[in-house]
Amino acid sequence: MADQNAPHTEITNPLLKWVDDRLPLVTMMNHATVDYPCPRNLNYWWNFGSLAGFSLVLMIATGLVLAMHYTPHVDMAFASVERIMRDVNFGWAIRFVHMNGASFFFIVVYIHIFRGLYYGSYKSPREILWILGVVILLLMMATAFMGYVLPWGQMSFWGAKVITNLFSAIPLVGESVVVWLWGGFSVDNPTLNRFFALHFLLPFVILGVVFLHIVALHKNGSNNPLGIDTKGPQDSIPFHPYYTVKDYLGLGAFMTIFAAVVFFAPDYMGHADNYIEANPLQTPPHIVPEWYFLPFYAILRAVPDKLFGVLAMFAAIAVLFILPWLDRSPVRSMRFRPVSKWFFWVLGVDAVLLGWCGANAPDDVWMGLQFVVWSRLATAYYFLHFLVIIPYLGLFERPKQPPASIADSVLGGGTGAAAVAAAKPMEKA
Amino acid sequence: MRILRLAKAAAAAATIALSASSAQAAGGGIHYESQEWSFSGIFGTIDHAAAQRGYQVYKDVCAGCHSMNLLSFRNLEGIGVPEHTIKVLASEAEIESINGDGEVVMRQRLPSDPFPAPFANPQAARASNNGALPPDLSLMAKARANGPNYLFALLTGYQEAPGDMTMSEGMYYNAAFPGHQIAMAPPLAADLVEFSDGTEATVEQMAHDLTTFLMYAAEPHMDERKRTGLKVVLFLFVLTILLYFVKKKVWADLH
């Protein structure tokens, strides 16, 4: 396989070649998805990037069809969604795919982010790639929040009310900002109209940032489980067919699980109250956001002061923007960072704990402590992790020596997943 | 090994996340006993005979106060009511219409018309119900956590109020209702309806059949959804296995 990095595709069709010489779309696609060299040791955690891309396309496609049948008016929105469920051909399937697609999009993206954290994918030279990713996460959150308002159920309405009211914490102009966001003096028809317009727009903004994310990725190439740079052709393999087929396999597994939820438990991740039409005069006993916001909801409620609660919630994301500069360790992969590795898992547990706190009433008691106390501990730890532990370990941890090159690691038995590729020595490399 | 370990951790996290959402779903701390439903599980389907009896209970009992605005008579086809029967059932109620001369007239309902609502507006409903608003039942089986079991418990949950409990005027004690005070008078009593198929109309039987009908009403495409799902999931599962072998073959020359 000495030529495994040589270009695959020669354009033979004269017409196509004529066009490509003037508008090199085929060449660009070829560079980006066929010949694009990838580290040969990527493990299955690297599948979640392409799965996130797939989820975005799936959401846009199903969302487009839903938008054709949906009516963004407070008197008709709820009934129009039910009409999609009942009378539009396969409307129930499209709506359930869209509804659960949002949850799966977040599952995929959260795994993608934690993969980046574990293998140090945010470090030089990939800082901008990482920052664009955090921008995508923020845009996804805005989009998901506004999308959840559209069916105009009880949780839609009261969720919108709670979240928009957060902006009233801004000193001096807060109240005016909220009225401006609402387009009135309460969450009402103008709010629903603008949320629909923005919910339609933002996915295309996400698509644009995803494009930049991929441009930034292809500039320096993928990171890999060893966290070391590719040093030559022996370290990499072309994207096609190796990673295309691996991504297809991942997609198959993802789709199987996704379909099982869509068809057998489509309401599992939803909330029963959203099957009740919005009623501005009746507050549900517990207002709970969708599960993917629960950790942030817990941080918001952990702080007794409204303004600082909101700031803490936004800071939880903002801290990710500066992560590349908080972590000064020259070693990327946690595989060679014996102490940081453990703190990575503690952060994972902390994030799940925050989610658990967000799902429960603050005054309820769990394992001897009120949830509000758990939330405070978990929130404090979250910031401690990023602002103290990571900078400290970056400076004082003694990392193990990573292998000299990916190919070395593959040939020499290496560690972990890289060893999979070492079952037989490469014959032709 | 590492992948296994990560997968285990992910599974543990998912378990906690899932139990979080089910804790979220459990409302008010009241336990609702799980009943046997024809529609439970991935192979479960709506029992048409039960749903038809349930429709009879709705029509004869509930419809006096509760609307089902999202349902039309044609929806009864989905629980096996024959077309000519649907036409007859629809024609029993009238609906306002505008004739060719622009006059408002009453005409018989057609299968495409919605179920008639008992009250013209929420104010009228409150006025006739001691200030309480009987909710629309179209989505009731989905609009409550643990819907079907909750509905069954509610319909069979009327009891004598415990001695130490002071009931508000016009309220009834119900073990299943959050707060235990409900404005709805006990709707079911033995032999309140006479089932045409000879089934004995006990309170439990009526509650069971009505819940089955309400589950159908909340999601008329549920049976179709599960049927389609079996094919889709099976297809994707086989496809994934095939993709696994394709991947293995493609990567073989690298190892």
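Just so it is clear, none of the values below were taken in a lab; they were calculated from the coordinates. The model shown is predicted, which means the values in this text are computed figures rather than measured ones. So basically every Cβ, Gly included, is an ideal-geometry build from the backbone, and we count neighbours across all protein chains shown.
A simple rule links phi to the HN-Hα coupling: the Karplus curve 6.51 cos²θ - 1.76 cosθ + 1.60 with θ = phi - 60°, which for the range A:44-61 gives 5, 5, 7, 6, 6, x, 5, 5, 5, x, 4, 4, 4, 5, 4, 5, 5, 5 Hz, with x for Gly and Pro. Simple spin-label estimate for residue A:162 and residue B:242 gives 4.6 nm between the two label positions (7 Å along the Cα-to-Cβ direction from each Cα).
Compute the FRET efficiency between residue B:252 and residue A:229 as 1/(1 + (r/R0)^6), taking r as their Cβ-Cβ distance and R0 = 41 Å, and round to the nearest 0.05. According to the calculation, E is roughly 0.90. The alpha-carbon of residue B:87 sits under 26 angstrom from the alpha-carbons of these lysines, leaving out residues fewer than 8 places away in its chain: B:59. For chain A, leaving out every one of the GluC sites (Glu not before Pro) that falls in a DSSP loop and has at most 10 other Cβ atoms within 10 Å, the longest unbroken run is A:11-426. For the Cα atoms of chain A, what angle does the longest principal axis make with the long axis of helix A:91-118, in degrees from 0 to 90, nearest 10? Value to nearest ten degrees: 50. In sequence order, the range A:215-228 has phi-based couplings of 4, 5, 4, 6, 5, 10, x, 5, 5, 8, x, 7, x, 10 Hz under the Karplus curve 6.51 cos²θ - 1.76 cosθ + 1.60, θ = phi - 60°, and Gly or Pro positions carry x. Look at where the Cα atoms of the range A:115-131 and of the range A:335-379 average out, and the two centres are 24 Å apart. Share of pairwise Cα-Cα distances greater than 50 Å in the protein assembly as shown is 23 percent (whole percent).
Relative to the dominant Cα principal axis of chain A, helix A:371-384 is inclined by about 40°. Take the cross-link list A:123/A:341; A:400/B:249; A:123/A:231; B:226/B:248; B:142/B:226 and give me the ones stretching past 25 Å between alpha-carbons. Exceeds cut-off: A:400/B:249; B:226/B:248.
Fewest neighbouring Cβ atoms within 10 Å first, the residues A:158, A:342 line up as A:342, A:158. The alpha carbon radius of gyration of chain B, expressed as a multiple of 2.2 N^0.38 Å, is 1.34. Sorting the Cα pairs of the range A:291-416 by distance into bins of 10 Å, from 0 upward, gives 13, 35, 27, 17, 7, 2 percent per bin.
For residue A:28 and residue A:363, the FRET efficiency from 1/(1 + (r/R0)^6), where r spans their Cβ atoms and R0 equals 41 Å, is about 0.10.
What is the calculated FRET efficiency for residue B:110 to residue A:35, with r their C-beta to C-beta distance and R₀ = 51 Å, to the nearest 0.05? Efficiency for this residue pair is about 0.20. Per-residue Karplus couplings for the range A:161-167, computed as 6.51 cos²θ - 1.76 cosθ + 1.60 with θ equal to phi - 60°, are listed in order as 4, 4, 5, 5, 5, 4, 6 Hz, Gly and Pro entered as x.
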